[in-house]
Amino acid sequence: MNQLTPFERALLAQFETLVSTSETSLEASEATSKQLRTLSETVRKRLDLIERRQSEIERFQTQLLQSLSTQTKQTMSLVQQVNALLEEE
C-alpha cells in the first residue's frame, strides 16, 4: 500500500466508500424486499378470505332467492284458490 501514489490512495478511498455505500444500499433493498414479500402474503391471505366470504354470501343469496321464489309460488297458488272459492259463492 505504501507504493500507491496520493492520487491512487484517494481513488482507493473513494472506491471503498462506494463499496460501503453499495453494501448498505443492498442491505436496505433486501430488507425492503422482505417487507414487500410479507405484505404481499398478508394481502393474498386477506383476498383469499374475502373471496371465500363472498362465495358464501352468494350461496346464501341463491338459497334465499330460491326460498323466496317457492314462497311466492305458494302464495300465488293460495290466492288463486281463495279467489276460486270466492267466485263459487
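The values are calculated or read from the model by the stated rules, or taken from the named source; none is laboratory data. Please read all numbers here as calculations on a predicted model, not as lab measurements. Side chains included, ligands, DNA and RNA excluded: accessible areas come from the protein's heavy atoms. Shrake-Rupley method; radii C 1.70, N 1.55, O 1.52, S 1.80 Å.
So Q3 ticks every box in (1) assigned to a helix (DSSP H, G or I); (2) open to solvent by 100 Å² or more (accessible area, probe 1.4 Å) but one. Which box is left unticked?
(1)
May I ask you to say which residue of L49, L26, L11 is over 43 Å from the mean Cα position of the chain (by Cα) and either part of a helix (DSSP H, G or I) or hydroxyl-bearing (S, T, Y) (or both)?
Answer to the selection: L11.
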